[in-house]
Amino acid sequence: MAYRHPATLSAVSAEELINRLEQVRFGAIQGDHGTGKSTLLHGLASGLDQRFPGGRWVQLNRDPALQYWGRAVERISNAVVTRRTQVSAADGGVLVIDGAEQLPPGILTYLRIHAGSRGPFCLITTHKPQRGFVCLHRTSLNRRLIESMFDELIRSLPDLVFREKIEKHFRTLDLEKFRNVRDLWSSLYDWVERHQFGNECVGSSGDSDSLLRPLRLSQNSNPSRVRGTSGPGENSID
């Protein structure tokens, strides 16, 4: 089984990554925001479920509206959810934590200690190295990745005239100034709203909001949630 990883648009062996995880027990997929970490996890999901049956998946996200104390409470809540998820995972299964940087300091060490040598394996996504977790793969952002994800995104837009206008604008952007794909999607969404193409295209689509929805969904984060490893939920661009 091979996964076509969008960071390089080249074949990456899912089996090789899973074999490596089995060897080290605690592994990480590392990279900045919007470089394909969550997308890679989705490509690994079925293989993880086959190799480590009884595993569990938790996706953690940050609410940008929260201030300092609210953020602290959110991190504690994430820690509680993650520990409960680990307890529910079968021995020999795998705990997948998508967004490990949303946990309080020290929690990953706590989870490793409680997993020991017989408890669930653990695979995380993270922005930076985490003590005790071996980096299995490092994702990175490049122009080919951005263009590939943009082409996939605009295919979901229902109005051809609208698609042509936003594609023309996209080709004029200096992609080097964007640190991650989420910032790019936010910029595109703001540009669409400023130019009110949704209203211009109502006659052909009947619903201006439907034209903006794919960009809005790509821009926003999903709430934290728990799944089995075979069903991680909808795709993310992280």
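The values are calculated or read from the model by the stated rules, or taken from the named source; none is laboratory data. Everything numeric here is computed off the predicted structure, so don't read it as measured data. Cβ atoms come from the backbone with ideal geometry, glycine included; neighbour counts cover every protein chain shown.
The lone criterion from (1) on the phi < 0 side of the Ramachandran plot; (2) surrounded by 14 or more Cβ atoms within 10 Å (Cβ to Cβ); (3) modelled with pLDDT under 50; (4) not charged (D, E, K, R) left unmet by residue 133 is number (3).
Restricting to segment 71-101, name every residue that is in a strand (DSSP E or B) and not acidic (Asp, Glu).
First, pick out the residues of segment 71-101 that are in a strand (DSSP E or B): 94-98.
94, 95, 96, 97, listed by residue number.
Consider residue 111 carefully, then state whether it is over 19 Å from residue 32 (Cα atoms), part of a helix (DSSP H, G or I), modelled with pLDDT under 80 and touching a helix residue (DSSP H, G or I) at 6+ places or on another chain (Cβ under 7 Å). It is false that residue 111 is over 19 Å from residue 32 (Cα atoms), part of a helix (DSSP H, G or I), modelled with pLDDT under 80 and touching a helix residue (DSSP H, G or I) at 6+ places or on another chain (Cβ under 7 Å). In this structure, residue 95 does not qualify as touching a residue at least 60 places away in the same chain (Cβ under 8 Å) and either in contact with a Gly (Cβ under 7 Å, 6 or more places away or on another chain) or under 21 Å from residue 38 (Cα atoms) (or both).
Pick from segment 170-187 the residues that are loosely packed, with under 15 Cβ neighbours inside 10 Å and touching a residue at least 60 places away in the same chain (Cβ under 8 Å): which of them is nearest to residue 64 (Cα to Cα)? Filtering first and then ranking leaves 183.
Out of contact with any Pro (no Cβ under 7 Å at 6 or more places or on another chain), modelled with pLDDT of 95 or more and surrounded by fewer than 16 Cβ atoms within 10 Å (Cβ to Cβ), is that true of residue 80? Don't jump to the end; show me each part of the working.
Details: out of contact with any Pro (no Cβ under 7 Å at 6 or more places or on another chain): yes; modelled with pLDDT of 95 or more: yes; surrounded by fewer than 16 Cβ atoms within 10 Å (Cβ to Cβ): yes.
So residue 80 passes the test.
From the list 103, 41, the lone residue that is in contact with a Pro (Cβ under 7 Å, 6 or more places away or on another chain) and closer than 30 Å to residue 187 by Cβ is 41.
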